[in-house]
1. What number do you get for region 322-407 when its Cα radius of gyration is normalised by 2.2 N^0.38 Å, N = residues?
2. How far apart, in nanometres, would the label points at Q417 and L491 be if each is projected 7 angstrom from Cα along the Cα-to-Cβ direction?
3. Can you give the FRET efficiency for Q230 and N305, using 1/(1 + (r/R0)^6), R0 = 60 Å, r = Cβ-Cβ distance, to the nearest 0.05?
4. For the chain, take N as its residue count and report Rg(C-alpha) divided by 2.2 N^0.38 Å.
5. Find which of G395, G443, Y479 sits farthest along the positive direction of the dipole of region 386-483, computed with +1 on the beta-carbon of Lys and Arg, -1 on that of Asp and Glu, about the Cα centre.
6. Give the residue list of chymotrypsin sites (Phe, Trp or Tyr not before Pro) in region 352-446 that are DSSP loop and have at most 16 other beta-carbon atoms within 10 angstrom.
7. Tell me the net charge near S636. Cut-off is 11 Å between Cβ atoms, S636 excluded, with +1 for each Lys or Arg and -1 for each Asp or Glu.
8. Can you tell me the accessible area per residue over the chain, all protein chains present, probe 1.4 angstrom, in square angstrom?
Amino acid sequence: MRPGLIRIKNFLKIPKVIIILAFLVALSLLFWFCLPKPLFNSPTSYVIDDANGQLLGASIASDGQWRFPPNADVPEKFKQCIISFEDKRFMHHPGFDILAFARAIKQNLRSKKVTSGGSTITMQVIRLATKDRRTVWHKIGEIFMALRLECSYNKNQILSLYASNAPFGSNVIGLDAASWRYFGRSPDKLSWGEMAAMAVLPNSPSLVHPGKNRALLLKKRNQLLDKLQQQGIISSTTAALAKLEPLPDKPLTLPQFAPHLLERFKTDTQRHFQSSTRISTTIRLTLQQQINNILEQHHQVLKANDINNIAAVVLDVETGATLAYAGNIAHPEDPQMESDVDVVNSPRSPGSTLKPLLYASMLHDGLILPNSLIPDVPTQFAGYHPLNFDLGFDGAVPASKALSRSLNIPAVKMLHQFKYERFYDFLHHIGITTLKKPADHYGLSLILGGGENTLWELTGAYADMARVLNHYDKYKGKYDPADYHNPVYSLAPKQKPDLQKTGLLDAGSIYYTFQAMEEVMRPGEEMLWQQFSSSQRVAWKTGTSFGFRDGWAIGITPKYVVGVWVGNTNGEGRPGLTGINTAAPVLFEIFRLLPEARDWFEMPVGEMVKIKVCRQSGYRAGEYCEDTSDMWVPKSGLKAPVCPYHQLVHLSKDEKWQVTGNCVPPDEIVNKKWFVLPPSMEYYYKTKNYEYHVLPPFRPDCVQAENANPMEIIYPKDGARIYVPLEVDGTRGRVIFNAAHRQQGVKIFWHLDDKYVGETKDFHQIALNPDPGKHQLTLVDGNGNTVHIGFEVLAK
């Protein structure tokens with residue numbers, strides 16, 4: 001063995017040396033692991049800032065303190081003030097200032113009491129973190145841990161720890177919270193006089209109490225200002241002006257520009273176990289304040305009708321970012337207003353606001369073209385009997401007009417064709433999460449507000465559609481599934497798009513949906529808005545829930561989507577509480593605040609084909625359609641049905657009668673293409689469309705074709721189940737049976753269960769009172785045409 005190794009081995013055998021080494025190792029470990037982890041573990045306030053860092057709102061921490069989350073950036077003024085006041089050699093010592101400590105001991109011995117602690121800022125951070133009492137042994141521990149703290153943190157980080165956790169009087173912790181509580185501004189906007197007052201408070205936080213120790217606080221602040229002047233940090237003029245500034249008085253109320261978004265942030269943070277309680281949102285403070293004012297103005301008018309609540313949200317189409325979030329009015333002093341309820345995120349009946357989504361889905365599937373005629377006649381599906389808002393019928397109406405006029409019966413007819421199960425799945429795919437029950441629970445009523453949606457998700461769905469349309473050219477005709485997402489109030493890094501050939505909705509269908517929505521009549525303007533070049537183009541839709549409980553309005557432009565809800569959070573309905581009367585005026589007032597879009601949505605020509613369309617029916621032109629037009633339609637329109645309403649009819653020479661080859665020689669028959677609706681549709685359609693020509697009747701000596709029955713029962717339909725309510729006097733009411741006949745002046749003879757019950761002429765309605773159970777209704781006209789239907793009257 002080498003001599004050097006032998007000497008080391010012998011040296012280690014000495015007991016004292018081993019003990020000393022063990023002690024040094026233990027001391028080193030103790031030094032390295034002496035800091036608590038985490039250094040500060042106190043609960044912090046929830047704080048939200050706008051897109052430019054302006055405070056939107058904050059809530060008190062769970063321990064009753066106003067303590068904002070740590071801020072890494074310490075204002076230069078506070079840095080200069082606190083170093084000058086507390087620790088002038090802070091930037092140079094290792095956490096412990098031997099000169100300051102010696103001076104403190106000398107002062108304490110001279111005064112025979114503790115007048116100075118000699119603590120550095122680093123030592124004060126340790127004391128704040130450990131909450132130790134001020135004893136000799138604790139002081140030694142502070143020094144030990146302060147030296148350790150300086151090993152892991154730089155000077156700016158230590159200053160940040162101090163500024164975030166120092167007491168500033170009352171229940172205010174940290175410079176950030178103190179600046180807002182005492183001066184109503186962020187720390188970076190404080191003057192020298194204000195910052196000097198902040199710097200002296202942690203040393204004696206009780207000085208800030210209103211009416212107490214004001215003279216001492218003023219003296220300390222001015223002494224600090226003099227010191228800053230002597231050090232050349234500020235000029236004599238700045239020092240003199242700063243001394244004239246008032247001291248902080250009674251704590252101020254913190255801004256509450258978006259209280260419902262603050263509560264939402266708290267809920268989201270707790271749900272997702274996030275550690276940070278401060279967030280920079282996408283909200284624009286000025287816009288938020290303006291919208292708050294608009295909602296308050298309308299609230300003052302609406303509450304006269306006992307309509308107490310109103311909410312609005314504004315989204316940026318490109319990102320889905322929330323630019324304004326007004327979850328309700330702000331009247332916490334009046335509990336009856338229930339203004340603490342965040343309606344933006346509360347499920348409510350959406351009324352008709354889902355109709356554009358169904359229209360777009362049917363265009364995408366090729367089930368309709370933009371202007372295909374949809375029946376608008378009395379309708380019943382297994383006991384479900386929808387009605388239009390005006391209780392009228394058009395017979396048939398173009399799909400785009402049915403949407404712009406928000407007709408209920410055509411919407412239900414369309415959903416019946418599309419299948420409510422498919423529409424239910426589509427809503428889930430587009431981001432609607434509030435439909436918690438199976439599709440069968442909602443059925444066809446889903447399209448008229450039979451489910452529940454939130455303003456947040458519904459507005460986001462329309463922003464998704466606008467985003468897809470905007471991106472069509474950008475993505476060269478492809479689709480990014482990530483374009484469908486719920487709105488956000490804080491932006492995340494943008495992901496690279498995963499482009500696909502097809503999307504949930506094609507751009508052409510979305511384009512025509514927005515075109516139809518643009519035709520909706522604006523409140524108080526009829527259609528006059530189109531005559532003014534300064535009027536902003538907006539695609540929009542209103543909704544009114546059953547019982548006048550909810551009024552909705554959602555508007556879309558290429559850049560923004562605005563959603564408005566009006567109603568009562570307790571669900572109470574009120575007369576006149578409709579989307580067009582209450583929510584739409586707010587919608588357009590908000591749009592007037594937003595920059596006007598110079599361009600409208602571009603037609604996605606690459607997603608369209610030009611085909612011939614029948615002008616009268618809106619369907620693909622068939623062989624008997626004479627009046628056609630070339631129209632760009634979504635590519636799926638190639639599989640849309642051909643016009644079912646044009647047919648070739650055989651007329652007499654004078655064209656007054658329909659004839660057949662059995663009664664008229666072929667050379668005397670005039671063949672003519674005719675637009676013919678079914679009798680029930682024709683009955684209502686001809687009253688509102690003067691250009692519609694009723695098919696001539698068959699000549700009496702000609703046998704009518706089997707498929708040409710001129711008579712149809714409008715209500716009830718075959719297989720219907722009917723409940724007859726009781727009248728006020730307790731007697732059973734009557735059912736109004738309704739039929740239509742092509743020929744004027746023809747009598748219809750009505751039979752119930754093979755018993756004659758009456759006859760009608762021209763206006764074919766009859767009131768009957770059938771007993772509970774199954775029945776057979778038979779109609780016979782004067783020409784011998786017959787029609788039968790079966791129905792059931794329910795006992796309960």
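The values are calculated or read from the model by the stated rules, or taken from the named source; none is laboratory data. This is a predicted model, so every value here is computed, not measured. Virtual Cβ from ideal backbone geometry, glycine too; neighbours counted across all protein chains shown. Heads up: the accessible areas ignore ligands, DNA and RNA and are worked out on the full protein's heavy atoms, side chains in. Shrake-Rupley method; radii C 1.70, N 1.55, O 1.52, S 1.80 Å.
1. Details: Rg = 18.8 Å, N = 86, 2.2 N^0.38 = 12.0 Å.
With N residues counted in region 322-407, Rg over 2.2 N^0.38 Å equals 1.57.
2. For the pair Q417/L491, the computed spacing is 4.2 nm.
3. Details: r = 68 Å, r/R0 = 1.13.
Once the sixth-power term is evaluated, E becomes 0.35.
4. Numbers: Rg = 39.2 Å, N = 796, 2.2 N^0.38 = 27.8 Å.
Relative to the rule-of-thumb radius for its length, the chain sits at 1.41.
5. Looking along the dipole axis, the top candidate is Y479.
6. When the chymotrypsin sites (Phe, Trp or Tyr not before Pro) of region 352-446 are filtered for loop state and at most 16 Cβ neighbours within 10 Å, F389 remain.
7. On the way: positive: K635, K639; negative: D365, D506, E607.
Taking every other residue near S636 into account, the sum is -1.
8. Result: 48 Å² of accessible area for each residue.
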